[in-house]
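Nothing in this text is a laboratory measurement; each read-out follows from the coordinates by a stated rule. All of these numbers come straight from a predicted model, not from anything done at the bench. Here the Cβ is made from the backbone with ideal geometry for all residues, glycine too, and neighbour counts use every protein chain on show.
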Amino acid sequence: METDPFRIRAHVADFDEIVSEIVSRSEVTRATLPMVADMAYGTDATETVDLFFPDRPRAGLPVHMFIHGGYWRMFSKRDYSYVADTITRAGAIAVIVDYALMPAVRMADIVGQVRRARRWVADHIAKHGGDPVRLTVSGHSAGAHLSTFLFNEPGIPSGIRAALLLGGLYELKPLQSSFLQPEIGITDREAADFTPMTHRHDPATQVDILVGSDETPPFHDQANAFASLLKEQGLPVSTLSLTGRNHMNSVRDLGLPDSEAGARLTKLIRSG
C-alpha cells in the first residue's frame, strides 16, 4: 500500500486517463481559440507564454495568467492550454506560462522566470488588447506554489488583483522525505527560501484557496495553514473544498466553465 501522500499517481486510479484527456483537450483549444503562441518573456527557450483571446473585440480586456503544476519537473504550457477555455469564456485574455523544469534548473531559476513572465504581461499585454491593471493569476499544485511568488516580493506592489490557488504546496520541507527527493533534490536552502509559509504577501491581493475533498491529508493541512497565514497578514481569503475531487480531476475541471472549480475561476476573473 502506498504510504507517500505526495505520490499522486498512486492515489488517483485514473491518473493516466485524466492526463490524456487534459492533453487532448488542450490540442482542441489550440486549434479553436484565437491565440498567439510562444511569446518570449526572457532569453531562454523555455521562457515563453501562449496568449488566448475571447471571441470579441480586444480592448481593455482583463488578463489572467495560469501556471501549470507537475512538481516543478514535468508538463508544459502546451499541456494546459485547455484552461484558456474557462478564462476566455469569462471575457479575459489567457496567458499560459511555460518555465524550465527541475532538476536541470533550480527553484530560484523557476521563481525568477514566473516573475519575469508577470513583468512581461505588465509591459506588453496592452499591445494585445489587455488591461495590465486587471491582472489575476491561478496555478495548480507546484503552479499554485509558484503563483504565490507573484504577490510576495518585499516592497514591490504585486499588481495581482486576485489569485486562485488549487491543490497547492505551501511548505516544502515535507517533500524532502517524499518520492520527489531523488528526482529533484530540494535542498535545505530551497526549502527555507521558497516555502510560501515563510513569506509576507501583498494585502491588496484577494486569494481563493481550493483543494479537492479527496486529496491526501498534507494538501488539506497545507491549504488550511496557508489560508490562516494570509488572513493574519491582512489578505482577503476564501477557501473551498471541491466535492468529490482529487489532485487531477480538480485541475481538469478548471477548463470546464460549468464545473465547481471552473465557476470559481470565472467568478475570480470577473471580480478582478
For residues in the stretch 87-139 being touching a Gly at 6+ places or on another chain (Cβ under 9 Å) and among the polar types (S, T, N, Q), which is farthest from Arg56 (Cα to Cα)?
Gln113
The listed residue being over 18 Å from Gly168 (Cβ atoms), free of Cβ contacts under 8 Å to residues at least 40 places away in the same chain, hydrophobic (A, V, I, L, M, F, W, C) and surrounded by fewer than 24 Cβ atoms within 10 Å (Cβ to Cβ), out of Ala90, Ala108, Ala126:
Ala126
Quick check: is even one residue across the stretch 134-149 surrounded by fewer than 22 Cβ atoms within 10 Å (Cβ to Cβ), over 21 Å from Ala263 (Cα atoms) and polar (S, T, N, Q)?
no
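Would you mention how many residues in the stretch 202-232 are part of a loop (DSSP other than H, G, I, E, B), under 19 Å from Lys173 (Cβ atoms) and under 18 Å from the mean Cα position of the chain (by Cα)?
Summing the residues that are part of a loop (DSSP other than H, G, I, E, B), under 19 Å from Lys173 (Cβ atoms) and under 18 Å from the mean Cα position of the chain (by Cα) in the stretch 202-232 gives 1.
In this structure, does Asp85 turn out to be surrounded by 20 or more Cβ atoms within 10 Å (Cβ to Cβ) and on the phi < 0 side of the Ramachandran plot?
Values: surrounded by 20 or more Cβ atoms within 10 Å (Cβ to Cβ): yes; on the phi < 0 side of the Ramachandran plot: yes.
Judged against the criteria, Asp85 is a match.
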Can you name every residue in the stretch 160-179 that is buried (at least 19 other Cβ atoms within 10 Å of the Cβ) and over 25 Å from Tyr82 (Cβ atoms)?
Tyr170, Leu172, Leu175
I want to confirm something. Restricting to the stretch 55-79 and keeping residues that are over 21 Å from Arg161 (Cβ atoms) and among the aromatic types (Phe, Trp, Tyr), which single residue is surrounded by the most Cβ atoms within 10 Å (Cβ to Cβ)?
Trp72
For the condition crowded, with 18+ Cβ neighbours inside 10 Å, free of Cβ contacts under 8 Å to residues at least 60 places away in the same chain and acidic (Asp, Glu), what is the one hit in Glu190, Glu215?
Glu215
Across the stretch 149-197, the tally of residues that are under 19 Å from the mean Cα position of the chain (by Cα) and either of a type in the set (Ser, Thr, Tyr) or on the phi > 0 side of the Ramachandran plot (or both) stands at 5
Run Gly139 past the list (1) within 16 Å of the chain's Cα centre (by Cα); (2) assigned to a loop (DSSP other than H, G, I, E, B) and report the number of the one that doesn't hold.
(2)
Might you check whether a residue that is touching a strand residue (DSSP E or B) at 6+ places or on another chain (Cβ under 9 Å) and in a strand (DSSP E or B) occurs anywhere in the stretch 166-180?
yes
Can you work out which of the residues in the stretch 31-44 that are crowded, with 17+ Cβ neighbours inside 10 Å and of a type outside the set (Ser, Thr, Tyr) is nearest to Ile125 (Cα to Cα)?
Met39
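Just wondering, is there one or more residues in the stretch 233-245 that are within 22 Å of Gly70 (Cβ to Cβ) and over 16 Å from the mean Cα position of the chain (by Cα)? Spell out how you get there, then give the answer.
Taking the stretch 233-245 as the starting set, the residues that turn out to be within 22 Å of Gly70 (Cβ to Cβ) are 242, 245.
Narrowing the set further to residues that are over 16 Å from the mean Cα position of the chain (by Cα) leaves 242, 245.
Checked the stretch 233-245: at least one residue is within 22 Å of Gly70 (Cβ to Cβ) and over 16 Å from the mean Cα position of the chain (by Cα).
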